[in-house]
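Laboratory data are not the source of any read-out in this text; all were calculated from the coordinates shown. As the structure is a prediction and not an experimental result, all values here were calculated from the model. We place every Cβ from the backbone using ideal geometry, glycine too, and count neighbours over all the protein chains shown.
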Amino acid sequence: MKVSRGRLALIIGLAGVLLLVAVLVSPLLLMSMPSFLSNGGTTVDCEDETQVEEVSDSAASDIPAEYLELYEEHGKKIGVQWNILAAVGKRETDHGRSDLPGVKSGTNSAGAAGPMQFLISTWGGKARIPTSDQVNGYASDGDGDGVSDVYNPADAILGAAKMLKRNGAPENVRQALFVYNRAWWYVDQVQEIARKYGKSGTVKVPPQTTEDCDDPLIEAAPSDLVAKILRFALDQRGKPYLWGGVGPDAFDCSGVIYAAYKEAGLSIPRTTFGQWPFGVKVLDGEEQPGDLVFFNAGPGTSANNPGHVGLVVSKGKMLEARCRLCGPIKVTSYQARDTRIGFTRPLQNPDVLEQIKKLQNPFL
């Protein structure tokens, strides 16, 4: 069929318009569908903190109702995956149903006791401890009866949640389980049970604040100076913990903060013990990025002498170098930590205010 010149021109013109529309619209489509472009087909929710796993049918049928309620309650309270807690309980004593020595009384040949099989030394030195006694261990009073009883499921499950949290959960579940029972075959078995207990068939972990979330964090900083502190600190993720470390290859908890402030041209105390009295105290809920959050953790520490510190990067989140066995430097939540004692703002220290003035006007 012969096409007239006029019709040919019209066709060419329409094709040009369609091409222009495609060029203009395609970037919008790409921006609205990032799941096709990164993270293996998934998007990163930088605000997602819950990651609560639903109970599978197999979990509901296998776990006694009392135990299931405790796993969920204490998992949520401490901030670890309930199905990991439940899998430990299953692997250790079949949720307290085992009649082996040490489950309901005494200890087994390894010295472990109770439904979560704590070593008595790890629990606190004896099986039943009044909660008024100060002990070094994971002894816990999960039902508020005034006694931390290693044979009481409420107490033992709360203690296990604290131990898993202390050693890396919920972010580094494998490391936390390895510390619980030092064998990788044990870790694999517990994770397999946990996957079956969760409705999704997975062990959910909170989203690590990775480079996908850096820009929102840095852009939300209250000042360019804080943005510079955050940028350096976030760049240290993945590096190992080293007691006394100030970089560049490894850091301890206060060392990474000291280095981040130094990168921004500011000098603050090097250690946690020096950083705590240095900054201006900030009320809980009024903290902001760049502030420090302190914890009563570590030997010889107290509510007035904290032994651990993190750098607030957003409300509820901090960057921390926690311990050698806790995995690499990473962003975690500070909200569920029952050892948290307070916040400070080093940028409001008089010496730092003078340093900031000199940075802004070097001729002063």
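The table for this structure:
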{"read-out": "GluC sites (Glu not before Pro) within region 256-339: DSSP coil, no more than 14 neighbouring Cβ in 10 Å", "value": "GLU286"}
{"read-out": "Computed label-point distance, nm, for sites TRP243 and GLU69 using a 7 Å Cα→Cβ extension", "value": "4.3"}
{"read-out": "Rel. contact order, % - alpha carbon contacts under 8 angstrom, at least six apart, region 72-133", "value": "19"}
{"read-out": "Fully extended contour minus Cα-Cα distance, from GLN360 to LYS262, at 0.36 nm per residue", "value": "33.7 nm"}
{"read-out": "Cross-link partners of LYS104 among aspartates and glutamates (Cα-Cα below 14 Å; sequence separation of 8 or more within a chain)", "value": "GLU92, ASP94, ASP149, ASP155"}
{"read-out": "Over 28 Å (Cα to Cα) - which of LYS77/LYS199; LYS204/LYS262; LYS77/LYS317; LYS162/LYS330 fall in this group", "value": "LYS204/LYS262"}
{"read-out": "Theoretical FRET efficiency, 1/(1+(r/R0)^6), r = Cβ-Cβ of ARG231 and ARG174, R0 35 Å, to 0.05", "value": "0.75"}
{"read-out": "Neighbour cut-off at most 12 other Cβ (10 Å), DSSP loop, chymotrypsin sites (Phe, Trp or Tyr not before Pro), region 222-294", "value": "TRP243"}
{"read-out": "Paired Rg and Dmax values of region 123-279, which use every Cα atom, in angstrom", "value": "20.2, 54"}
{"read-out": "Spin-label proximity, LEU119 to region 172-192 - amide N less than 18 Å from point 7 Å beyond Cα toward beta carbon", "value": "175-187"}
